[in-house]
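Presented below is the structure to which this report refers.
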Amino acid sequence: MEIRRAKEKDMDRMNELLRQVCMVHHKGRPDLFQGNNNRKYTDEQLMEIIKDDKRPVFVAVDENDEVMGYAFCMFQHHSNDNILTDIKTLYIDDLCVDEKIRGKHIGKGLYERVLEFAKEQGCYNVTLNVWSCNEAAMKFYEKCGLKPQKVGMEKIL
């Protein structure tokens, strides 16, 4: 397995994985997430993200350079904030491994590469959000050593 920055040629495979993520969220919260084989980004948006160094995307590829998983990241920085300290954060916006090949440490490899990259870039921390309906993801992140930073709560009316 190799982990590298995403390229335009990876888009079709990344779109398949984005659809998988959408369906996980739809199954967990159909009141919030559309089904219908949707995905988070249009092709134009995805191409723009891939080219943006402020929003690095890493892919795990096999020996045939086929994408097995991805990690979408973005830098966050709260300079001159009234209450937050001036730190640089790498936020993992989305991490996915193809549902057909989970359990082979591909996600762990992606996560470790993100940590390594964040350290190289002088980040203070790596953060992410996970939906409480996605228990498998929560267990995975806890196993990787992440701890809750904050909790979002809701009351459906």
query = Which numbered condition trips up ASP52, out of (1) of a type in the set (D, E, K, R); (2) surrounded by fewer than 20 Cβ atoms within 10 Å (Cβ to Cβ); (3) touching a residue at least 24 places away in the same chain (Cβ under 8 Å)?
reply = (3)
key: Residue satisfying condition, being open to solvent by 50 Å² or more (accessible area, probe 1.4 Å) and either under 18 Å from LYS54 (Cβ atoms) or without any contact (Cβ under 8 Å) to a residue 40 or more places away in the chain (or both), within set ILE101, ILE92, ILE87, ILE83   = ILE83
note = Of the residues in region 28-49 that are touching a residue at least 12 places away in the same chain (Cβ under 8 Å) and open to solvent by 70 Å² or more (accessible area, probe 1.4 Å), the one that is farthest from the chain's Cα centre (by Cα) is ASP31
ask   = Could you say which residue among VAL59, VAL24 is touching a residue at least 12 places away in the same chain (Cβ under 8 Å), surrounded by fewer than 20 Cβ atoms within 10 Å (Cβ to Cβ) and among the β-branched types (Val, Ile, Thr)?
value = VAL24
note = From the option list ARG13, ARG4, single residue qualifying as surrounded by 15 or more Cβ atoms within 10 Å (Cβ to Cβ) and basic (Lys, Arg) is ARG13
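The values are calculated or read from the model by the stated rules, or taken from the named source; none is laboratory data. Being a predicted model, the structure only gives us computed values, none of them experimental. Positions of Cβ are backbone-derived with ideal geometry, glycine not excepted, and every protein chain shown enters the neighbour counts. Side chains included, ligands, DNA and RNA excluded: accessible areas come from the protein's heavy atoms. Shrake-Rupley method; radii C 1.70, N 1.55, O 1.52, S 1.80 Å.
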